[in-house]
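Shown next, in C-alpha cells, is the structure this report addresses.
None of the figures in this text is laboratory data; all of them are computed from the coordinates on show. The structure presented is a predicted model; accordingly, all values stated were derived computationally and were not measured. Positions of Cβ are generated from backbone atoms using ideal geometry, with glycine treated the same way; all protein chains shown enter the neighbour counts.
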Amino acid sequence: GAPLRLPAGFGIAGRVAAEGVPVGLVDDHPRNPRHRELLGLSPGQPVSRLCVPARVAGGGSSAVLALHSRTRREFSRPERDAAQRVADLVGLRVYVAAALTTMREHQDEWDAVVASAVGAQEAERRRVAADLHDGVTQAIASLSFHLSAADVALGDGDVGYVAEQVAAARSLADLALGETRSAITGLHSPVLDDQGLAAGLASMARGVPGLSIEVDATEFALPGHVSSSLFRIAQESVQNIVKHAEASRAVIRLARHGRMVMLSVTDDGTGFDASGSPGSGYGLTGMAERVHLLGGRLRIKSQPGGGTTVEVTVPNVC
C-alpha cells in the first residue's frame with residue numbers, strides 16, 4: 001500500500017526528533033487509521049512503542065527509529081541500547097547522504113562559476129585583441145608606410161616631403177601610444193594600486209568621451225581583488241552606457257555602509273525592460289559572476305525611457 005506520511009513534529013516521533021530523548025510507551029493508541037493498518041492493529045487494540053532519535057554529528061536528530069510490539073510490554077534496557085545503536089547508524093547514513101548531496105550541489109555551482117569566469121576572461125581577451133587590431137595595429141602599419149615614404153623622399157632630396165611624412169608618422173606614433181595605454185588601463189588601472197578605487201573611478205570617468213560622468217566616491221581600504229572587481233563592474237557599466245544607452249550623463253557612487261560596500265552606476269539613457277533579458281552584449285553575466293565570487297548582490301533597475309541603475313552590494317572584509 002501507500003506509505004504513511006506524517007507532518008514534521010507530529011506525535012511522539014515528532015517530540016523525540018525535537019527533543020532528542022527516547023520515549024517508550026506501554027499502551028499507545030495510534031489515532032491515524034493508516035498507521036493502525038500498517039501496524040496490523042484491530043479496533044481498540046493498543047500497541048507498545050519505543051521511539052529513539054537517530055542522532056547526527058553536531059547534535060540534533062535527522063530521523064526517528066520507531067519499534068512496535070502488539071504484545072503489551074516494556075522494552076528492556078538491552079533492547080533500548082540496541083535500538084539506539086541502530087538509530088545512530090541510520091542517522092549517520094542520512095547525514096552522509098545529505099552531506100554528499102550538498103557537496104554535489106556546491107560542486108555543480110562552483111563548476112558553473114568557473115566556466116563563466118573562464119568565458120569572461122576569454123571574452124576580455126578577444127575585446128583587447130580587437131581593440132589592439134583596430135587601433136594600434138593599423139596605426140603602426142600606417143606609421144611604417146609614412147616612414148618608408150620619408151625614406152624614399154630623403155633619397156630624392158625632397159626635404160619638405162620628408163618633414164610631412166615624419167610629422168604624420170609622429171602623429172600615428174602618439175595615437176598608437178594612446179591606444180596602448182587605453183588597452184592597458186582597460187586591463188588594470190594603475191591608479192587603483194597607487195591611489196585607490198575612488199581615484200581609479202574618477203580617472204576612468206575623465207577618459208570617457210561624449211558622456212558627462214559625476215563620481216561621488218569616498219576613499220577607504222579595500223582588498224585588492226574587491227577593488228579590482230568593483231572597478232571592472234563600473235567600467236563595464238560605463239561601456240554599456242556608451243554603447244547602448246544613448247545617455248548624456250551618468251553618476252558613479254561608491255560608499256561604505258557598516259560592513260557592506262555599495263557601488264552604483266546610474267545613467268539618463270533609454271533604459272530597457274529589466275524584467276526581461278537585455279542581451280549578452282550588455283555584459284551583465286560577467287558582472288553577476290564577479291559579484292557572486294565576492295559574496296555580494298547585483299541589482300539592475302531600469303525601464304524603457306527611464307534610464308538604468310546598476311547597483312552592487314558586497315561585504316567589506318577589511
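Annotation for E79 and V26: the two label points, set 7 Å from Cα along the Cα-Cβ direction, are 1.3 nm apart.
Tell me, what is the FRET efficiency for T71 and R34 to the nearest 0.05, using R0 = 30 angstrom and their Cβ-Cβ distance as r? Efficiency, from the Cβ-Cβ distance: 0.85.
Karplus-based coupling profile of the stretch 169-180, in residue order and whole Hz: 5, 4, 4, 5, 5, 4, 4, 4, 5, x, 5, 5, with θ = phi - 60° in 6.51 cos²θ - 1.76 cosθ + 1.60 and x standing for Gly or Pro. Residues I140, I241 in ascending order of nearby Cβ atoms (within 10 Å, fewest first): I140, I241. Between A217 and L254, the built amide H atoms are under 5 Å apart, and every one of these is 5 or more places off in sequence or on another chain. The 3J(HN,Hα) values that the Karplus relation (6.51, -1.76, 1.60; θ = phi - 60°) gives for the stretch 46-53 are, in residue order, x, 9, 8, 9, 10, 10, 10, x Hz. Gly and Pro appear as x.
Ranked by the mean number of other Cβ atoms within 10 Å of their residues, highest first, the peptides 202-211, 46-55 come out as 46-55, 202-211. Spacing of the modelled spin labels on H225 and F145, each 7 Å from Cα toward Cβ, amounts to 4.7 nm.
The string of couplings for the stretch 223-229 from the Karplus curve (6.51, -1.76, 1.60, θ = phi - 60°) is x, x, 5, 5, 4, 5, 5 Hz, one whole number per residue in order, with x for Gly and Pro. FRET efficiency for the pair V251 and T102, taken as 1/(1 + (r/R0)^6) with r the Cβ-Cβ distance and R0 = 45 Å, rounds to 0.60. Residue ranges 154-160, 289-295 sort as 289-295, 154-160 when ordered by packing (mean number of other C-beta atoms within 10 Å per residue, highest first). Near R297: Cβ cut-off under 14 Å, other residues only, Lys/Arg at +1 and Asp/Glu at -1. The net charge is +2. Using a simple spin-label model with pseudo-atoms 7 Å out from Cα toward Cβ, R299 and E109 lie 2.1 nm apart. The order of T137, T102, going from fewest to most other C-beta atoms within 10 Å of their C-beta, is T102, T137.
Suppose the chain between L211 and Q138 were pulled fully straight at 0.36 nm per residue; how much longer would it get relative to their current alpha carbon spacing?
Gain on stretching L211 to Q138: 23.7 nm.
Ratio of Rg to Rh for the stretch 189-315, alpha carbon only, Kirkwood? Value, to two decimals: 0.94. For M260, M103, M287, the sequence from fewest to most other C-beta atoms within 10 Å is M103, M260, M287. One Cα centroid belongs to the stretch 26-47, the other to the stretch 146-183; the line between them spans 100 Å.
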